[in-house]
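Have a look at the structure below before the remarks.
The values are calculated or read from the model by the stated rules, or taken from the named source; none is laboratory data. Because the structure is a prediction, the values reported are computed rather than measured. Cβ coordinates were reconstructed from backbone atoms using ideal geometry, including for glycine residues, and neighbour counts include every protein chain displayed. The area values use the complete protein model at the heavy-atom level, side chains included, leaving out ligands, DNA and RNA. Shrake-Rupley method; radii C 1.70, N 1.55, O 1.52, S 1.80 Å.
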Amino acid sequence: MISASLPSALSLRLRTNLRWIIVGLIFLATTINYIDRQAISVAAPTIMEDLNLSKQDYSWIVTSFLLAYALMQVVTGLLIDRIGTKRGFSLAISWWSVANMLHALGSGVWSLSIFRFLLGVGEAGNYPAALKAIAEWFPKTERSTAVGILNAGPGFGAIIAPPLVAWLVITLGWRMAFVVTGAIGFVWLIAWHKIYDTPEFHRRLTQQEAELILGEQFRNPAPRVKTPWHHFFRYKEVWGLMLSRFVCDGAFYFFAFWLPTYLHDVRGFSLQQIGLFAWIPFLAADAGSLFGGWAGTRLIRNGMTVNRSRKLMIWLGAAMVPVAMPAYFVSSPGMALLLIAVAMFAIQIKSASLFTIPADLVESSNVATVWGLSGAAGSVGGMLFTPLIGWLVDHVSYEPVFVIVSIMHLVSALIVMLFIPRIEPLSPLRREFGEEQPWKDITIR
């Protein structure tokens, strides 16, 4: 329960900012998630040469991950809402860490596809658990900043993965690269179990921070309402989230899974050069996540509505993504990387607000479920796009891929406008399932 003891000045500062420590821990989990996910991307040229795999073979291995990721985001969202954030996150990272280590046993398309599928099963739990934790720990005014920090994890993981995995492949071989990266998750678990709990039961949470996070719920606790998952299909806003993610997620997956291969095939990069330079667009992606989250929070604090703030940031990001199109045509590898970096920056500006919308629409007890539905749709879109990438690269070139990627986020932003005319709580759900008090976030100033 809430601690009543008087802490020291330093301890007080830490305790009144406990929510930021929590989101930092979640950021690290997402970083590990993407290191494990990116390991195969960096090692792909070596693996394909060693096992005699084609680009199409590699696309099917990637697709198997996305298939599991799509199927399991719905399941893990429901599971995490049922068993709670702490246990749900623990189960997810344990599963995906073991699955990543199993890649060391890969011998061809089928075995690697099976291990990628298992990895996708575990990694599907990361974002539903992370968004649920943010909904539990942050008032609405701060959520886009928290999501921006969380969403910097993929970029940071992708920054670390190229030099780390390239060094492991060169020094220990590609099989040991998976063993080492997979083991990192178990270190994170120790910190997670020591630090995390929900605000209502966290022993180190001060009353000041509890009132900021929980608002009226702290002073007058109301029972949380758990809505059956299928009822969310009644709402066009949820369909809008799903369709928006279905259209746009494949663009990020293209850069995440294919950038090292593109740099090797088109720009002639060696494995060492991939390790030295492939992280640059993901550093830009991190900057976009942090800027998008900060800017969204700043707009709300300056008086803009949540609805206008989220949509403005979504359109700002979407309008910048098409700079990726000329990246294929420029002769300079450095200029190509720069344009890709700007596109990644833009994608994550958009994502910082788009990924926050589930927490704007439903209360924390349902956030993982709604995130799971939208994330599953995004993964299905990415899953369908990936074999097309493989076919286009093998039979045409990367050119049409860059063209498609450049317009996907504009279409996604348009879908948000059409299906979600106002970003606000789905209050009819609250009335239908017995909530007596109006649903609103009250920020204690």
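Among the residues of the range 278-333, write down those that are among the hydroxyl-bearing types (Ser, Thr, Tyr) and under 16 Å from the mean Cα position of the chain (by Cα). Even if it seems obvious, please write down each step before you answer.
Start the filter on the range 278-333 by keeping residues that are among the hydroxyl-bearing types (Ser, Thr, Tyr), which leaves 289, 297, 305, 309, 328, 331-332.
Result: SER289, single match.
Does ALA251 satisfy the criteria of being part of a helix (DSSP H, G or I), under 25 Å from GLY153 (Cα atoms), modelled with pLDDT of 85 or more and not charged (D, E, K, R)?
Details: part of a helix (DSSP H, G or I): yes; under 25 Å from GLY153 (Cα atoms): yes; modelled with pLDDT of 85 or more: yes; not charged (D, E, K, R): yes.
So ALA251 fits the description; yes.
So for the range 322-343 (the condition being within 20 Å of TYR127 (Cα to Cα) and not charged (D, E, K, R)), does at least one residue qualify?
Start the filter on the range 322-343 by keeping residues that are within 20 Å of TYR127 (Cα to Cα), which leaves none.
No, the range 322-343 contains no residue that is within 20 Å of TYR127 (Cα to Cα) and not charged (D, E, K, R).
Within the range 191-214, how many residues turn out to be part of a helix (DSSP H, G or I) and farther than 14 Å from ILE32 by Cα?
Quick first cut of the range 191-214, residues part of a helix (DSSP H, G or I) only: 191-195, 199-201, 207-214.
So of that shortlist, the ones also farther than 14 Å from ILE32 by Cα come out as 193-195, 199-201, 207-214.
So the answer is 14.
So which of LEU66, LEU119 is modelled with pLDDT under 85, of a type in the set (A, V, I, L, M, F, W, C) and in contact with a Leu (Cβ under 9 Å, 6 or more places away or on another chain)?
Details: LEU119 fails: modelled with pLDDT under 85.
Of LEU66, LEU119, the one residue that is modelled with pLDDT under 85, of a type in the set (A, V, I, L, M, F, W, C) and in contact with a Leu (Cβ under 9 Å, 6 or more places away or on another chain) is LEU66.
Tally the residues that are open to solvent by less than 60 Å² (accessible area, probe 1.4 Å), of a type outside the set (Val, Ile, Thr) and closer than 13 Å to LYS350 by Cα, restricting the search to the range 298-321. Spell out how you get there, then give the answer.
Initially, the range 298-321 is screened for residues open to solvent by less than 60 Å² (accessible area, probe 1.4 Å), giving 299-300, 304, 306-307, 309-311, 313-314, 317-318, 320-321.
Remaining after also requiring of a type outside the set (Val, Ile, Thr): 299, 304, 307, 309-311, 313, 317-318, 320.
Checking which are closer than 13 Å to LYS350 by Cα leaves us with 309-311, 313, 317-318, 320.
So the count comes out to 7.
Which residues, counting only those in the range 234-247, are farther than 12 Å from PHE355 by Cα and assigned to a helix (DSSP H, G or I)? Before you say what the answer is, go through the steps one by one.
Start the filter on the range 234-247 by keeping residues that are farther than 12 Å from PHE355 by Cα, which leaves 234-240, 243, 246-247.
Within the range 234-247, ARG234, LYS236, GLU237, VAL238, TRP239, GLY240, LEU243, PHE246, VAL247 meet the criteria.
In the list VAL42, VAL98, which residue meets the criterion of being among the β-branched types (Val, Ile, Thr), modelled with pLDDT under 85 and over 21 Å from THR369 (Cα atoms)?
Details: VAL98 fails: modelled with pLDDT under 85.
On inspection, the qualifying residue turns out to be VAL42.
(1) under 21 Å from ILE274 (Cα atoms); (2) part of a helix (DSSP H, G or I); (3) not hydroxyl-bearing (Ser, Thr, Tyr): which one isn't true of ALA99, the others all being true?
(1)
Of the residues that make up the range 147-158, is at least one open to solvent by 10 Å² or more (accessible area, probe 1.4 Å) and within 30 Å of VAL342 (Cα to Cα)?
Going through the range 147-158, the residues open to solvent by 10 Å² or more (accessible area, probe 1.4 Å) turn out to be 149, 156.
Checking the rest, the ones that are also within 30 Å of VAL342 (Cα to Cα) come to 149, 156.
Checked against the condition, which is being open to solvent by 10 Å² or more (accessible area, probe 1.4 Å) and within 30 Å of VAL342 (Cα to Cα), the range 147-158 yields at least one hit.
What's the number of the condition SER289 fails, among (1) surrounded by 18 or more Cβ atoms within 10 Å (Cβ to Cβ); (2) out of contact with any Pro (no Cβ under 9 Å at 6 or more places or on another chain)?
So SER289 meets the others, but not (2).
Residue by residue through the range 388-414, note down the ones that are part of a helix (DSSP H, G or I) and either among the polar types (S, T, N, Q) or at positive phi (or both). Step through it out loud before you land on a result.
First, pick out the residues of the range 388-414 that are part of a helix (DSSP H, G or I): 388-395, 399-414.
Correct list: SER406, SER412.
Of the residues in the range 352-369, how many are at pLDDT 85 or above and open to solvent by less than 10 Å² (accessible area, probe 1.4 Å)?
So the answer is 8.
Just to be sure I understand, how many residues within the range 48-63 are surrounded by fewer than 23 Cβ atoms within 10 Å (Cβ to Cβ), touching a helix residue (DSSP H, G or I) at 6+ places or on another chain (Cβ under 9 Å), at pLDDT 85 or above and assigned to a helix (DSSP H, G or I)?
The qualifying residues number 5.
Take the residues of the range 230-286 that are open to solvent by 20 Å² or more (accessible area, probe 1.4 Å) and of a type in the set (Asp, Glu): which is nearest to ILE149 (Cα to Cα)?
GLU237
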